[in-house]
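Asks: The structure under discussion is supplied below as structure tokens; questions concerning it will follow.
The values are calculated or read from the model by the stated rules, or taken from the named source; none is laboratory data. Everything numeric here is computed off the predicted structure, so don't read it as measured data. Note: ideal-geometry Cβ built from the backbone for every residue, glycine included; neighbour counts use all protein chains shown.
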Amino acid sequence: MSDSIKIRPLEGPLDAVVRPPGSKSITNRALVCAALARGTSTLTGALESEDTQVMIVALSQMGIAIEERDGGQTLVVTGCEGQIPQWGGELQVANSGTTIRFLTSVAALGQGTFRLDGIARMRERPIADLLSALGQLGASARSEQDNGCPPVIVQARRLPGGKATVAGDISSQFLSSLLMAAPLAKQPVQLKVEGPLVSQPYVKMTLRVMEAFGVKVEASDMERVAAATFAVPNKVYQAADYAVEPDASAASYFWAAAAIAGGRVCVEGLSRESLQGDVAFCERLDQMGCRVEYADDSVAVTGGALTGIDVDMNGISDTVQTLAAVALFAKGPTRIRGVAHIRHKETDRIADLATELRKLGATVDEYEDGLTITPDALRAATIDTYNDHRMAMSLSLVGLKVPGVVINDPGCTAKTHPKFFEDLAGLTK
């Protein structure tokens with residue numbers, strides 16, 4: 001892909017039906033559970049992207065046999081019954097936070113010394129709370145530079161298990177990582193969350209994927225601020241034929257396109273009962289003035305007169321940038337709160353988002369946990385994307401109505417949606 005891409009404004013309202021690629025979050029969770037299972041699993045509808053490829057390669061380096069079919073949309077995984085075949089090794093995770101967090105716990109189930117490392121930005125992303133929790137469970141896992149960030153060294157001798165407390169305010173992936181590895185520990189595991197649990201829907205997704213592979217976790221007080229507990233039994237996952245849902249985070253861009261450009265966009269393969277909490281993004285669009293229609297296998301959004309809202313997006317934080325793009329076209333300010341943890345993503349998704357929104361003409365007030373976006377006369381701008389796929393996809397939507405919007409490094413969308421710009425152009429066909 002070229003170094004930049006200029007977005008072509010739409011000439012009229014939308015009337016489109018789309019089906020996004022498979023969910024990255026579900027694909028990588030299903031890969032982990034299938035890899036640790038007894039028997040051979042078949043995953044259909046899987047996402048073929050940079051992040052899922054990083055996970056597949058790393059699992060393969062750990063000795064897990066994974067066969068890709070149908071252009072990577074079908075994955076046949078031969079499970080290891082919780083016995084990691086490879087004794088130690090070097091695992092390169094690029095910029096995939098999901099991979100390094102999930103596989104740090106998986107590595108602790110094995111034997112030998114594992115080293116997990118990624119790109120420069122990965123070496124800035126915190127992982128100390130996960131390492132601390134693994135230590136409480138008897139594992140030896142440390143930051144190589146002793147700074148709480150990757151590279152991570154795991155001196156594995158099979159995970160003993162027991163009780164651990166994990167911080168909940170940095171990343172729900174820490175808890176998901178521990179939950180998925182815990183059934184294969186030597187003894188049952190009990191986990192308690194300390195502090196507010198961010199992105200709760202992703203933890204619920206983890207529990208539902210685990211259950212699909214035969215492991216049910218007893219969870220209590222999930223809705224309370226600081227008292228969630230999880231009892232994980234000793235049990236080997238069982239192989240399954242598993243269908244991956246379309247990606248709801250990817251769907252948010254197409255629903256937002258209807259809000260920005262007007263008209264209607266229907267996303268197939270998702271429903272109000274989806275495993276993915278990001279379907280709730282549509283509720284935010286409804287609050288702003290759009291019309292949302294839910295069906296058994298689709299969710300459609302029709303644009304309307306937009307009004308700014310004040311909203312806590314802690315549970316659907318991957319859609320913050322998408323809502324920010326919509327906010328530029330609303331009457332009045334939009335306040336997004338409760339998302340301090342997104343400063344530790346692929347980039348600082350509060351500070352850097354504020355910078356790019358100001359280029360487009362908005363007034364932006366930045367806070368530790370979010371930002372307020374006040375629309376003004378919008379203008380052409382060249383958007384820097386910070387190697388962040390969500391920055392590129394979200395802010396490209398502005399160009400559907402504002403001429404002259406250019407997106408730098410559009411290829412960064414390969415992380416989760418390699419054909420995004422083709423799909424975006426296809427809305428008018």
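Asks: For residues that are under 24 Å from Asp51 (Cα atoms) and surrounded by fewer than 23 Cβ atoms within 10 Å (Cβ to Cβ), scanning just segment 327-344, find the one that is modelled with the lowest pLDDT.
Replies: His344
Asks: Between a first residue in segment 264-277 that is in the same structural domain as Asn314 (by TED's automatic domain parsing) and more than 17 Å from Arg208 (Cβ to Cβ) and a second residue that is of a type in the set (Ser, Thr, Tyr) and assigned to a strand (DSSP E or B), which pairs have beta carbons less than 7 Å apart while being 6 or more apart in sequence or on different chains?
Replies: Listed pairs, sorted by first residue: Arg264/Thr302; Cys266/Ser298; Val267/Ser298; Glu268/Ser298.
Asks: Could I ask something else about it? Output the number of the condition that Ala46 fails; it satisfies all remaining conditions of (1) closer than 20 Å to Asp297 by Cβ; (2) at pLDDT below 95.
Replies: Of the numbered conditions (1) closer than 20 Å to Asp297 by Cβ; (2) at pLDDT below 95, the odd one out for Ala46 is (2).
Asks: Being at pLDDT below 95, exposed (fewer than 15 other Cβ atoms within 10 Å of the Cβ) and either of a type outside the set (Phe, Trp, Tyr) or under 16 Å from Thr322 (Cα atoms) (or both), is that true of even one residue in segment 227-250?
Replies: Yes, segment 227-250 contains at least one residue that is at pLDDT below 95, exposed (fewer than 15 other Cβ atoms within 10 Å of the Cβ) and either of a type outside the set (Phe, Trp, Tyr) or under 16 Å from Thr322 (Cα atoms) (or both).
Asks: I need a count of the residues in segment 132-173 that are more than 19 Å from Glu346 (Cα to Cα), not in a loop (DSSP other than H, G, I, E, B) and not hydroxyl-bearing (Ser, Thr, Tyr).
Replies: 16
Asks: Something else now. Look through segment 345-390, keep the residues that are hydroxyl-bearing (Ser, Thr, Tyr) and in contact (Cβ under 8 Å) with a residue 40 or more places away in the chain, and return whichever of them is nearest to Leu306 (Cα to Cα).
Replies: Thr374
Asks: Something else: Take Thr104 and decide whether it is touching a helix residue (DSSP H, G or I) at 6+ places or on another chain (Cβ under 7 Å), in contact (Cβ under 8 Å) with a residue 60 or more places away in the chain, closer than 29 Å to Ala167 by Cα and assigned by TED's automatic domain parsing to the domain that holds Met210.
Replies: yes
Asks: Select, from Ala280, Ala324, the only residue that is within 29 Å of Gln173 (Cβ to Cβ), touching a residue at least 60 places away in the same chain (Cβ under 8 Å) and surrounded by fewer than 23 Cβ atoms within 10 Å (Cβ to Cβ).
Replies: That would be Ala280, the only listed residue that is within 29 Å of Gln173 (Cβ to Cβ), touching a residue at least 60 places away in the same chain (Cβ under 8 Å) and surrounded by fewer than 23 Cβ atoms within 10 Å (Cβ to Cβ).
Asks: If you scan segment 379-399, which residues turn out to be surrounded by 22 or more Cβ atoms within 10 Å (Cβ to Cβ) and not hydroxyl-bearing (Ser, Thr, Tyr)?
Replies: Within segment 379-399, Ile383, Asp388, His389, Arg390, Met391, Ala392, Met393, Leu395, Leu397, Val398, Gly399 qualify.
Asks: Every residue in segment 378-416 that is touching a Pro at 6+ places or on another chain (Cβ under 7 Å) and closer than 17 Å to Ser2 by Cβ, please.
Replies: Within segment 378-416, Ala392, Gly399 meet the criteria.
Asks: Then there's this: I want to confirm something. Restricting to segment 400-429 and keeping residues that are among the small types (Gly, Ala, Ser) and part of a helix (DSSP H, G or I), which single residue is surrounded by the most Cβ atoms within 10 Å (Cβ to Cβ)?
Replies: Gly411
Asks: Still on this model: Take segment 202-221 and flag every residue that is of a type in the set (Val, Ile, Thr) and in contact with a Pro (Cβ under 9 Å, 6 or more places away or on another chain).
Replies: Val215, Val217
Asks: Now, a different point. Grab the strands (runs of 3 or more DSSP E) fully contained in segment 186-254, keeping just those with 2 or more residues being over 30 Å from Gln73 (Cβ atoms).
Replies: Output list reads 189-194, 218-220, 229-232.
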